[in-house]
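Here is the structure we will look at.
Readers should treat all values here as calculations from the given coordinates under stated rules, not as data from a laboratory. Every value quoted in this text rests on a predicted model; they were computed, and no experiment measured them. All Cβ positions, even for glycine, are placed from backbone atoms using ideal geometry, and neighbour counts span all protein chains on display.
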Amino acid sequence: MRKALIALGIAGFLGVLIVYILYNFSPYDNAKLVDMASIFGVPNAIELTDNINNLIDYGLIFSLIDPKLFYILLVLSFVFTLSFVSGVHMLIDKLFYKKFYEEPKTWPALRRGLLVYIILLSLVLFRLIGVLSILNALSILVMGVIAEVLLIKFTKKS
């Protein structure tokens, strides 16, 4: 139970940190934003950010994103997703499947947290490059489920 609460505490702290970063720092590189505004014929960079969906559809959003902030958010979201999913998994495992003195299984919780992160990252990146469709999203989810089933099958002790 203690591991689950620690993981959820870490996830809560990182969630607050991610929200703080997103509200207080611009994800765009200002110099590139001004250059892109001149290319599109928009008078200022603020109007360009209003049309952000057009940039995503054209696949140009990565040319505007500040790489340092993007990598920081990538690492923070990885640790957040891993700790949140693992914490919830261990909490459910402890409350419903284990006896009072048994510890929840940590490895399957971390594995599923990593799998959820890979699925979410794939969906976000597909959206940012403008190729996300229902079929792509479903195929990513199905591949994740197949990977989990195969991992369970091959790591199961006989």
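Only helical DSSP H runs with n ≥ 4 go in: add -39500 (n - 2.57) per run for the chain, normalise by residue count and round the 222 nm mean residue ellipticity to 500 deg cm²/dmol. The helix-only estimate for the chain comes to -25000 deg cm²/dmol at 222 nm.
Ordered by the number of other Cβ atoms lying within 10 Å of each residue's own Cβ, fewest first, Val124, Val19 fall into the sequence Val19, Val124. Less than 5 angstrom separates the built amide H of Asp29 from those of Ile65, Asp66, all sequence-distant by 5 or more or on a different chain.
As a calculated quantity, the FRET efficiency between Met1 and Ile129 at R0 = 35 Å, using C-beta atoms, amounts to about 0.25. Among the chymotrypsin sites (Phe, Trp or Tyr not before Pro) in the stretch 95-128, those located in a DSSP loop and surrounded by at most 11 other Cβ atoms within 10 Å of their own Cβ are Phe100, Tyr101. Computing FRET efficiency as 1/(1 + (r/R0)^6) for Phe62 and Met143, where r is the C-beta to C-beta distance and R0 is 25 Å, gives about 0.60.
Evaluated at q = 0.15, 0.18 Å⁻¹, a Debye calculation over the C-alpha positions of the stretch 80-149 (equal weights, vacuum) places log10 I(q)/I(0) at -0.57, -0.73.
Across the chain, the mean sequence separation of Cα contacts (distance under 8 Å, 6 or more residues apart), normalised by length, yields a relative contact order of 29 percent. Scanning the chain for long hydrophobic helices, with DSSP H runs required to stretch 24 angstrom or more by C-alpha along their axis and to average at least 0.0 on the Kyte-Doolittle scale, returns 2-24, 67-92, 106-128, 134-155. Compactness ratio for the chain: Cα radius of gyration over 2.2 N^0.38 Å (N = residue count) comes to 1.32.
Among Val149, Val116, a tally of other beta-carbon atoms within 10 Å of each Cβ gives an order, fewest to most, of Val149, Val116.
Of the residues Thr106, Thr155, Thr81, the one with the fewest other Cβ atoms within 10 Å heads the list, and the complete ranking is Thr155, Thr106, Thr81.
Pairs of lysine residues in the chain that meet both criteria, 8 or more places apart or on different chains and Cα atoms under 15 Å apart, total 7.
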